[in-house]
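Enquirer: Let me give you the structure first, and then I'll get to my questions.
The values are calculated or read from the model by the stated rules, or taken from the named source; none is laboratory data. Nothing here was measured: the structure is a model prediction, and the numbers come from that model. Cβ placement follows ideal geometry from the backbone for every residue including glycine, while neighbour counts extend to all protein chains displayed. Surface accessibility is based on the protein's heavy atoms, side chains included, excluding ligands, DNA and RNA. Shrake-Rupley method; radii C 1.70, N 1.55, O 1.52, S 1.80 Å.
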Amino acid sequence: MPMPSKPQKHSLPPETAQMLPFAAPVSGAERLLLYAIRRMGAHGLHDAAAANALLNHFGLGFRRPLTLLRVFLSATADGAEKRIVIAGCCSARMTWDEARLLEAIATALDDPRGAALLLRQATGNEDGGALVVAQAVCAAFSDLGRPLKICP
């Protein structure tokens, strides 16, 4: 069998690269947050797998971030003027909207204006209600010893 003259690059097809331009977080609170957003976005706010993941990550204090994340997703979905695109739960890459939501939550306390802009880009709406809940989600993760780091 002939050997290729050059090593072949493994790249994403152009359609995938446009739909999933960002690498997903590989560990930590950011990965958990992305997983919970994807599960609740695809299977409903009361998804048992998302609740179980938060329970395993936070222990008995899981209810606060779970409830706040449900409120955040409800607020963003209800106020959205455009479709928020999410990838499958096991995807190793993120959509633009997922990256914006993660970064908005992670920076909501330190940079509320930037977080509001990211939420506006993800939802197409100027409503600030989701920002307040994003701040509460960020604070809940921090208070339970799992602070969110800035994503893409």
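Quick grid of which residues meet (1) surrounded by fewer than 17 Cβ atoms within 10 Å (Cβ to Cβ); (2) within 23 Å of LEU144 (Cα to Cα):
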residue: ASP47; (1), (2): no, yes
residue: GLY59; (1), (2): yes, yes
residue: PRO65; (1), (2): no, yes
residue: LEU69; (1), (2): no, yes
residue: GLY79; (1), (2): yes, no
residue: CYS90; (1), (2): yes, no
residue: TRP96; (1), (2): no, no
residue: LEU101; (1), (2): no, yes
residue: ALA104; (1), (2): no, yes
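Enquirer: Using the structure shown, decide if SER27 is over 24 Å from LEU119 (Cα atoms) and at pLDDT below 95.
Expert: no
Enquirer: Could you list all residues from segment 17-45 that are among the β-branched types (Val, Ile, Thr) and buried (at least 20 other Cβ atoms within 10 Å of the Cβ)?
Expert: Listed by number, the list holds a single entry, ILE37.
Enquirer: Here is a list: ARG83, ARG113. Which entry is under 25 Å from PRO21 (Cα atoms), charged (D, E, K, R) and out of contact with any helix residue (DSSP H, G or I) (no Cβ under 9 Å at 6 or more places or on another chain)?
Expert: The match here is ARG113.
Enquirer: Within segment 106-137, can you find the residues that are in contact (Cβ under 8 Å) with a residue 60 or more places away in the chain and open to solvent by less than 20 Å² (accessible area, probe 1.4 Å)?
Expert: If the condition is that a residue be in contact (Cβ under 8 Å) with a residue 60 or more places away in the chain and open to solvent by less than 20 Å² (accessible area, probe 1.4 Å), then ALA106, ALA134, VAL137 are the ones that fit.
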